[in-house]
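Everything on this sheet refers to the single structure shown next.
The values are calculated or read from the model by the stated rules, or taken from the named source; none is laboratory data. Given the structure is predicted, the values throughout are model-derived calculations rather than measurements. A quick note on method: Cβ atoms are made from the backbone with ideal geometry, for glycine too, and the neighbour counts reach across all protein chains shown. Surface accessibility is based on the protein's heavy atoms, side chains included, excluding ligands, DNA and RNA. Shrake-Rupley method; radii C 1.70, N 1.55, O 1.52, S 1.80 Å.
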Amino acid sequence: MTTLQMFSRLAVPQEAPPSAHGSTPRGKGRISPAMWGVLAALGIAALAIMIAKIAGAPAWAQRLSLTGISPAVTGRIGHLLFVPIGALVVALTRLTLGLRLLGPFRAILLAIALESVGFGLGLAVFIVVAGTVVALRPTTRRMGLPYYGRVLIMLCVVAGMILAGLMLGAGVGAHGLERIAYFPVVVLMLTGDAIARKIDRDGAATAVARAGTTLAAAAVIALLASWPALRDALLRFPELLVIQTLLVVLICEFADLRLFERPAGRAAEPVAAEPVTVEPGATEPVAADAARPTAPPVTVGPPLDGPLRVAVVRNRDSKGYIGRLGRPNPEPYSRKAIQRVLDGLRAAGYEAKVFQGDMTLLSKLKAYLPVDPATGRVRGLAMNLAYGVQGDSRYTHVPAMLEMAGVPYTGAGPLGHAVCLDKAVAKDVMRRVGVPTPGSTVHSAPGQPIGGLEYPLVVKPVMESSSFGLRVVADRAELDDAVAMIVREHQQDALVESYIDGREFAVATIGSSPARTLPPVEIDFNGRACRIQTHADKWHSAEDEPLKVCPAPIDPELERRLRGLAARAADACHARDFARADIRVDRAGRPFVLEVNSLPSLGWGGTYVLAARQAGYSFSELLREIVESAAARSGLDTAPAPALAAAAPA
């Protein structure tokens, strides 16, 4: 074990245990006592050196200073010493205030640039250059160049813009423009590229907000950097770096409050549903009609009036279980995506709250969803976005619980999720109804025959999603290595299927039996060598993530075939309300359905939401369509209860 690994284990021994209220307490248990001892020793040593310097002795302490450094390099040393101060500002901004930035380091780099160039001029250069990068990025992607080629071209463009500014300043006698030569070209380009990526994934408003917060943090850091007393103190006491680093640790441990991360604040965080207060066992009689027997008393629950209640069910963590059994869920929904779903449901006129999809779910739903005493049916539903906690067919767990409890819900039932998650079964089902799908076989160990398949082949876990463990292999050695990895790391068989060389499309479906389709989205690999979606692509962590193009540039006949196959595949696999079919089209124009995703992402940067926007849906309208589809299928009337509507004041 390396020293770094040992240090990491000391620093974070294990995840903090849940509190009595079921949430992880902030500021307790993240750092082990042994690590606290190491950190305290470092802090005490740094303070001792400072005190020794102030006292004037001993001589060795006086030599631990940067005041004797040549003035020619003092400015560069100052920039180095201000990195920990920048880290403090970024930690307070992101963790304590909860304001999101364009990454943890760009504010620091921009601060150094603004301090060197001047805030006004630096801000103007940043806006012009970043805007140019954002405007040119789609063009460079359409050129079909690889990621590194696009980045290098944009670096050259940014450098050219700086040079053009210098020549302009010299030509008109504006010598003040010469300072822009100090603005780091790489910082400008990378920050502009980060803004462009954020626009693609989350929209212009979010990108502008992140850029503004990053610039504000950079301005604060630059102001601190221009304070002479602080600069002199850092040169005399470079050991302050240790103190500043310890302060960042303390912020992470005790001040991770994220006060403004949501409009209602951390205390009213919507991802932690609180049960409605109901007196256990409290009952009230139901008024009896003279012509019929008196109805039995019913348990008091939430009121029936008000908008329809929607319980958004997701898996934020994996703590609500008795014990470990099988593979843990590797794909949680992001907090931001869930918050957007909540906001969209409320904008659509529903009341919405988030619940954890584990064994605590049913008791909390019982307190939240009202039951009509006349029919005994729940007047509300669950929007199921839960990928499950652990085990095989984990997508089926929450739907099975909801059916058992009599709660209507969106999406596929246990059967549909089981079929779609097991790729081999889904292929068999699709073949039976005449939906073309690539030839395949299932391997439980390396060395098994591939039948009539030909290389290259696609290898992936037979019961996973989001392209976990996916590889394209060109020969037997690569195939055996990929199968061994899947069996070892994913604890399941490997699906081995023919690689369809050509174009890839995602076709979203909405409703059920028959499913309707949204405009196809093309996955544009833009000249990339690996022309298949990887896990990094789907989780937006790949440097050369493919473009999502909608409407797809295809002829009407191909669009008709793609949409028809997607609807047939979704219905055959028992997907409901909202689903997505992934389709490859070979060089001869023949489409092949790879799989049906019974629980597609509703994230802003995903293909499902992109297709819905192209079809004319706002996000709240899309969510209403999904909810109404599930309600109609379940016989749920989403209008207010008639008796309550009649009794409502005019």
Mind telling me which of the residues A588, A579, A567, A575 ends up being free of Cβ contacts under 8 Å to residues at least 60 places away in the same chain, not in a helix (DSSP H, G or I) and not β-branched (V, I, T)? A588
Can you pull out the residues in segment 214-250 that are part of a helix (DSSP H, G or I) and hydroxyl-bearing (S, T, Y)? T214, T245
If I go through segment 523-545 residue by residue, how many of them are at pLDDT 75 or above and open to solvent by less than 20 Å² (accessible area, probe 1.4 Å)? 4
Filtered residues of segment 340-355 (kept if open to solvent by 30 Å² or more (accessible area, probe 1.4 Å) and under 17 Å from the mean Cα position of the chain (by Cα)): R340, D343
R476 vs. criteria buried (at least 19 other Cβ atoms within 10 Å of the Cβ) and farther than 23 Å from H417 by Cβ: no
Scan of segment 512-521 for residues that are at pLDDT 90 or above and either open to solvent by less than 20 Å² (accessible area, probe 1.4 Å) or part of a loop (DSSP other than H, G, I, E, B) (or both), ordered by number: L518, P519, P520, V521
Suppose the filter is part of a helix (DSSP H, G or I) and either buried (at least 19 other Cβ atoms within 10 Å of the Cβ) or touching a residue at least 40 places away in the same chain (Cβ under 8 Å) (or both); does M189 pass it? yes
All-but-one check, I554 against (1) assigned to a helix (DSSP H, G or I); (2) without any contact (Cβ under 8 Å) to a residue 60 or more places away in the chain; (3) open to solvent by 20 Å² or more (accessible area, probe 1.4 Å); (4) in contact with a strand residue (DSSP E or B) (Cβ under 8 Å, 6 or more places away or on another chain), failing number (1)
P399 surrounded by 22 or more Cβ atoms within 10 Å (Cβ to Cβ) and without any contact (Cβ under 8 Å) to a residue 60 or more places away in the chain: yes
For E559, indicate whether it is at pLDDT 90 or above and of a type in the set (D, E). yes
Checking the condition closer than 27 Å to R258 by Cβ and touching a His at 6+ places or on another chain (Cβ under 8 Å), which residue from V354, V389 passes? V389
Check E464 against each of (1) of a type in the set (D, E, K, R); (2) assigned to a helix (DSSP H, G or I); (3) farther than 23 Å from L361 by Cβ and name the one condition it does not meet. (2)
